[in-house]
1. Going by the structure shown, is A:Tyr65 surrounded by fewer than 18 Cβ atoms within 10 Å (Cβ to Cβ) and within 7 Å of chain B (Cβ to nearest Cβ)?
2. Go through (1) aliphatic (A, V, I, L, M); (2) in contact (Cβ under 8 Å) with a residue 12 or more places away in the chain; (3) under 30 Å from B:Ala112 (Cα atoms) one by one and return the number of the condition B:Ala80 breaks.
3. Would you mind finding the one in B:Ala112, B:Ala68 that is more than 30 Å from A:Thr104 (Cα to Cα) and of a type in the set (A, V, I, L, M)?
4. Mind checking which pairs have a first residue in the range A:66-78 that is farther than 17 Å from B:Gly50 by Cβ and a second that is hydroxyl-bearing (Ser, Thr, Tyr) and assigned to a helix (DSSP H, G or I), Cβ under 7 Å, 6 or more apart or different chains?
5. If we keep just the residues of the range A:86-116 that are among the polar types (S, T, N, Q) and closer than 24 Å to B:Gly109 by Cβ, which is farthest from the other protein chains (Cβ to nearest Cβ)?
6. Under the condition of being within 13 Å of B:Ala103 (Cα to Cα), among the small types (Gly, Ala, Ser) and facing chain B (nearest Cβ under 7 Å), which residue from the range A:117-134 is surrounded by the fewest Cβ atoms within 10 Å (Cβ to Cβ)?
7. Of the residues in the range A:68-83, how many are of a type outside the set (Gly, Ala, Ser), surrounded by 15 or more Cβ atoms within 10 Å (Cβ to Cβ) and more than 8 Å from chain B (Cβ to nearest Cβ)?
Amino acid sequence: MNSPFAPGFGAPPLPSYQPPPAANTDPMSLGSGMSASDTFANLTRSQWANYITQWVPYENKLIDYATDPTVVSKAMQDASQNVTGAFDRQGAATEERLRGLGLTLSADEQHASNRSLGIAKSLADVNAQNTARDQTLARQQSILGNPTPVIGG
Amino acid sequence: MSKGGGQVQETAQQRAFADVARARLQDFQVRWQPVLQNFAKGVLNANEAGSFQRKRAAGMVTTDNDVAYAKANEGLTDVAAQTGTLGSSRQKLAVTGMGADQAVSTGLGKVAAAQAGDNAYVSGLGAVTALGRGEKATAVSGMAQEAALSGQQAQADADASLQNAIGNTSLASRIIGTGFGLSTGGPGGGVPGTNDLPGVNGTNAMDQWLKLGKGGD
C-alpha cells in the first residue's frame, strides 16, 4: 500500500501507516459487548484512518505545489505562450482592420510597424514571465508560511 | 467511571457520550463527507489546463479587450476623419500601434487570469486540508475576481492606447467635439465601455495595471 505521506519531491517515502488489528474496529457497530471506551477508541482510529485516506492526498498536492521547482518554470512558460498567442492573434486582426479601412502599409511603414511590434512583444514577454515567476514564488512561500517580503514603502 | 467491588464500570452518561459520538461520525460520513469530496474534486478539476473555468477566464480576457479596443479604434478613426488625416502614415501607424497595445493587454490579461486560477487552486486546496483537520474554512473564488479585473484593465489599456495614438498623430490640438467624452482624469473618465475603472485615466493606466496585476487576487 502506498504511503499517504509519501512526498512528491524525491524524499524517501515514510513507512505506510498500518492500523493495529482489533477484534472489532467498526465504530458504528452496535453489537453487544462494546464498551464506551472501546467505542471511543475505535472512533479515534476511524477518524485517523479517514483523515489519512481522504485528506492527506490533498495535503500532499499542496506540498508538491509549494516545493516543486518546475511549477515556477511552467508558469513562466505558460505566460510566454499567452503573450505570443495574443500577438499572433492580434497581428491578423490588425491586418483585417487596415483592410477594412482601405489602408495599405508601404514598405517603410511595414518596417516601422514590425519594429515597434517586435519591441512591444519582447517587453510584454519579459514582463509576463517576470510577473508569473514572482507571483508563483510568492504563492509557494505563502503555502510554506513565509510572507512575501515587502520592499520599499 | 463508577467504582464498585474493585471493578471500574462505565456510567450511563459515558455510554450515552459514546452513542452520540458514533452518531455524529456517521452523520458526517453520510451527509457532509460526500459534499466535501465533491468540493475537493471541483478544486482539482478547475485547475486542469483545459478546464472550463480556465478557458472561460481566458476567453473573457480576450472578449473584454476586443470590446474595449473596438471602441478605441472607432474613436481613432473618427478623430482622423475630423482632422483630415485619414489614410496618412500617422493614422496607419496609430492603428498598428493600437493593435500592439491590444496584444500586450490581452497577453498580460491572460497571464493575470492564469495566476488568479492558481490562486484559486491553492486557496481551494488550503480549504480542503483545513476541512480535513476539522477546521472551518472558506474558499476563495479567484475566477470571478479575475473576470472583473480583466474587463477593467482592458478598458484602461484601451484608453491609454487611444491617448497615445492621438498624441502620435498630432491630432489632439485639432480635435473639435469628438463626442466620445475623451478626458484625462476623474472617475469614469475615458472611452465609455463595459467596465469603467474609477480613478484611472489614460496617463496612469499602466501604473494601475502594475498594481492590479501584482495584487489582483
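Any read-out appearing in this document is the output of simple, stated calculations on the displayed coordinates, not a laboratory observation. On a predicted model such as this, the values are computed, not experimentally measured, just so you know. FYI the Cβ positions are ideal-geometry reconstructions off the backbone, even for glycines, and counts take in every protein chain you see.
1. No: the conditions fail for A:Tyr65.
2. (3)
3. B:Ala112
4. A:Val71/A:Tyr65; A:Val71/A:Thr136; A:Val72/A:Thr136
5. A:Asn114
6. My answer is A:Ala120.
7. Qualifying residue count, the range A:68-83: 5.
Residue-by-condition table, conditions (1) within 22 Å of A:Ser80 (Cβ to Cβ); (2) surrounded by fewer than 17 Cβ atoms within 10 Å (Cβ to Cβ):
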| position | (1), (2) |
| --- | --- |
| B:Pro34 | no, yes |
| B:Asp64 | yes, no |
| B:Thr96 | no, no |
| B:Gly109 | yes, no |
| B:Asp118 | yes, no |
